[in-house]
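The values are calculated or read from the model by the stated rules, or taken from the named source; none is laboratory data. Computed from a predicted structure; not experimentally measured. Counting neighbours? That spans all protein chains shown, and the Cβs are built from the backbone with ideal geometry, glycine included.
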Amino acid sequence: MLRPSWIDRTDEIPDPMGRGERAVQWLRMLKHPKSRLPGRAFQLDPWQENVVRRIYGPRHADGTRVVRRVVLLLPRGNRKTSLCAAITLLHLMGPERETGGLTISAASAHEQAMELFNEAALIINNDKRLEKHLNIREYVSRISCQKAGTRYVAIASDGKVQHGKTPNVVIADELHAWEGRPGMKQWEALDSALVKVPGTLMIVASTSGRGQENLAWKTVEYAMKVQKGEIDDPATLPVIFMAEPEDDWQDEKLWFAVNPGLAYGYPDIDAYRDKARKAEHSPMDRDSFFQFNLNRWLDQSTSPFVEMPVYDQGAHEVDLEEHEMTQDPCWLGVDLSKNEDLTVVVAAWRDGDGYQVWPWFFCPEDNLRARGERHGVDYVEWAKQGLIIPTPGNTVDLRAVEEHIRELCARFNVREIAFDPTYGRSMMSALVEDGLPAIEFRQGWVTMAPAVKELERAILSRGLRHGGNPILRWNFANIQVETDKAGNRMFHKGKSGNKIDGAVATAMAVARAAADEGGLITSADWFTDDMWMA
C-alpha cells in the first residue's frame, strides 16, 4: 500500500518563508456552497492542508519554490477536484498570483475539463468577495482577474493543441484518460511550455488507470519511485494513495488508508461496503472497485485475458543461440498487418509442459513516431532498442518480412510457419515453392479458440517464457476477450484499436507446437489437403 509518510504530520514539512502557512490561511477564507462547516467555510481537512503546505512551503535560498511537479493520485470521491479548484483560485487571485499569470487545466474531453472549471465557478459565484473581482466567461471556459492580470482556462486534451501558450500552472486532470496521439501531443505542448518562465507548477490529479504502455503510467511510475525513495527528486512531489496487489482488498483499514477523506465523511463508507460485497461475486465489479475505490493501477485491458503480474512471471531469458545450436524444433506464427502498422513473427519452442517464445516486430519507417503516438507508445525508442525492425517506406515491406522468415528457417529447426491466409497467401506461396513448411492458420473461432485456451494454460501454469519483451507485453495487456455461448474465447482489440498482433502470433505458434506433439490440438482440426496449396 502506498501512502505519503508525511500526510499526517505538519512538523515534517519545512516552511522557512511562511508561504505554505499563507496559502493554507487564504484557502481557509474561501466559502463553498456545499460545505457543512460554519459560514459555509471551505473544508480543508488536515491531509489536504498538508498537501498545500508541501507544495508551497519548501523554498530554495532565493525564495523560489522547490516543488515544480505534483502527482496527486487519489481514489474517486476524495475531493481532488475541489482541492484543485481551490489551488486554481490561489494562483488566480490568492497570494500565489503573478501578474500576467496563466493557469491551464486540461482533461480528456470538454465535459471532463468543465468539471474543474465549474467547481471553481461555483466557489466564485457563492462568494461576493471573489465575484466582484473575477470575470467568468463560461462560453470560452475562461476566468480572469483584471486587477491581478491573471487568467484561468480549461481545455480538452483532444482539442486544439496549446502551442505558443506560456502557463505558470498546468493541472492535468485524469491523465489516465488522455488517449492516443491527441492526448500525447497536448501533454507535450503543456509540459514543454512550463520551461518558458521560472517558478512554474505542474499538477497531475488523477485516479489510477489501466495498462503500462501509456502516458499516465510513465508519469505515475516515476512518482511512485520518488515516493518510495528509489529516486531522489525534490522537485517532484508524489501524493499517491494506492492499494497494491498484495494488499487485502476487503480490509476496511486498507480502505481508510488509501482514501484520506474517509476519516472526514467522504466518500460514503456504506457505499464502499456495498460495492465490496458485489465485488466478491463479480470480476468486473472487483476490477472497478480496485481501480476507482482503492486506486490500484490495473495492468490489463477492460476484459483481460490474464492478469499481467502472472504474465510477468514468465519474463525469464530466452537463449536464441542455444536453440540455434541444439536445433530444437521450432514453430513460427506470423501475423501480417494491412501493411500500415505492426507485423510480427513469433517463434515458439517447447519447454517441458510449457513454451519459450521470441517475437520480431516490423513497422514502416516513415512516420514511425506518429504511428506509435497513435497508440500512446514510443515506436522510435523501441526501434532504437532493436525491438522493432523498421522497413523503408510507409507500408510494411513484406519482402523484408519474408526474407527474415527465410533467415529464421536457415537458423532454426522450423517445423511449421503458420499464416492467416487473409494477408499471407502470396508469401505462403513463395515459401512453399522453395520447400519451406508454410501452412494456413485461419484466425476464426474454430482455430483460435483452442489456441487461446492452450496459451492461457501455459501462462497460468507459469509455463510461458517470453523474455520480458515490452512490445509483446503491451500487446498482451491490450487484449480484450470475446466469449461465445459455448464458453470459447477469442482475442480482440476492443474500441481502443490498440495492437494485439504479437499476442495473436504467439497463440498461433504455441498452438502449432502443441499440435505437433499430438496433444491438445491435432493437425486434423485445421488442415485439408489443399491448405498446403498457395
With the condition being modelled with pLDDT under 95, I'd like the helices (runs of 4 or more DSSP H) fully within segment 249-337 carrying at least 2 qualifying residues. 269-279, 283-288, 308-312, 320-326
Can you find even one residue in segment 322-334 that is under 12 Å from Val510 (Cβ atoms), of a type in the set (D, E, K, R) and more than 31 Å from the chain's Cα centre (by Cα)? no
Qualifying residue in segment 82-90 (condition: surrounded by fewer than 16 Cβ atoms within 10 Å (Cβ to Cβ) and in contact (Cβ under 8 Å) with a residue 40 or more places away in the chain): no
Just checking, does segment 349-364 include any residue being assigned by TED's automatic domain parsing to the domain that holds Gly468, under 20 Å from Gly180 (Cα atoms) and under 30 Å from the mean Cα position of the chain (by Cα)? yes
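To keep it simple, each residue is scored yes or no on (1) outside the structural domain of Gly372 (by TED's automatic domain parsing); (2) modelled with pLDDT of 95 or more; (3) under 30 Å from Gln212 (Cβ atoms); (4) in contact with an Asp or Glu (Cβ under 9 Å, 6 or more places away or on another chain).
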| residue | (1), (2), (3), (4) |
| --- | --- |
| Thr391 | no, no, yes, yes |
| Arg399 | no, no, no, no |
| Arg425 | no, no, no, yes |
| Val446 | no, no, no, yes |
| Asn475 | no, no, yes, yes |
In this structure, does Arg465 turn out to be over 20 Å from Val334 (Cα atoms), assigned by TED's automatic domain parsing to the domain that holds Arg415, crowded, with 16+ Cβ neighbours inside 10 Å and at pLDDT 90 or above? no
Answer with yes or no whether Val220 is over 14 Å from Ala106 (Cβ atoms), in a loop (DSSP other than H, G, I, E, B) and hydrophobic (A, V, I, L, M, F, W, C). no
Name, by its number, the condition in (1) among the aliphatic types (A, V, I, L, M); (2) modelled with pLDDT under 95; (3) closer than 23 Å to Arg69 by Cβ that does not hold for Ile231. (2)
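Scan segment 212-224 and tell me whether some residue there is within 24 Å of Gln48 (Cβ to Cβ) and aromatic (Phe, Trp, Tyr).
Taking segment 212-224 and keeping what is within 24 Å of Gln48 (Cβ to Cβ), we get 216, 219-220, 222-224.
Narrowing the set further to residues that are aromatic (Phe, Trp, Tyr) leaves 222.
Taking every residue of segment 212-224 in turn, at least one turns out to be within 24 Å of Gln48 (Cβ to Cβ) and aromatic (Phe, Trp, Tyr).
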Residues in segment 8-27 that are surrounded by fewer than 19 Cβ atoms within 10 Å (Cβ to Cβ), over 16 Å from Val67 (Cα atoms) and modelled with pLDDT of 95 or more: how many? 3
Residues of segment 491-517 being in contact with an Asp or Glu (Cβ under 6 Å, 6 or more places away or on another chain), more than 15 Å from Ala458 (Cβ to Cβ) and either of a type in the set (Lys, Arg) or at pLDDT below 80 (or both), which ones? His492
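If the requirement is being surrounded by 19 or more Cβ atoms within 10 Å (Cβ to Cβ) and acidic (Asp, Glu), which of these qualifies: Glu324, Glu373, Glu365, Glu317?
Only one candidate qualifies: Glu373.
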Selection count where residues are of a type in the set (A, V, I, L, M) and surrounded by fewer than 18 Cβ atoms within 10 Å (Cβ to Cβ), scope segment 415-435: 2
Search segment 386-409 for residues that are among the charged types (D, E, K, R) and pair each with any residue that is surrounded by fewer than 19 Cβ atoms within 10 Å (Cβ to Cβ) and in a helix (DSSP H, G or I) when their beta-carbon atoms are under 8 Å apart and the residues are at least 6 apart or on different chains. Glu402/Ala430
If you take the residues of segment 43-71 that are of a type in the set (D, E, K, R), out of contact with any helix residue (DSSP H, G or I) (no Cβ under 6 Å at 6 or more places or on another chain) and not in a loop (DSSP other than H, G, I, E, B), which of them is surrounded by the most Cβ atoms within 10 Å (Cβ to Cβ)? Arg54
Just checking, which of Ser282, Ser192 is of a type in the set (S, T, N, Q), within 30 Å of Ala370 (Cβ to Cβ) and surrounded by fewer than 14 Cβ atoms within 10 Å (Cβ to Cβ)? Ser192
Which one of these does Val258 not meet: (1) over 19 Å from the mean Cα position of the chain (by Cα); (2) surrounded by fewer than 20 Cβ atoms within 10 Å (Cβ to Cβ); (3) in contact (Cβ under 8 Å) with a residue 12 or more places away in the chain? (2)
Might you let me know whether segment 107-127 holds any residue that is farther than 21 Å from Leu190 by Cβ, touching a Gly at 6+ places or on another chain (Cβ under 8 Å) and modelled with pLDDT of 90 or more? no
Among the residues of segment 338-356, count how many are more than 18 Å from Phe491 (Cα to Cα) and either in contact with a strand residue (DSSP E or B) (Cβ under 8 Å, 6 or more places away or on another chain) or modelled with pLDDT of 95 or more (or both). 11
Name the pairs: first residue in segment 263-285 and closer than 20 Å to Arg79 by Cβ, second residue of a type in the set (Phe, Trp, Tyr) and at pLDDT below 95, Cβ to Cβ under 7 Å, at least 6 apart or on different chains? Lys275/Phe289
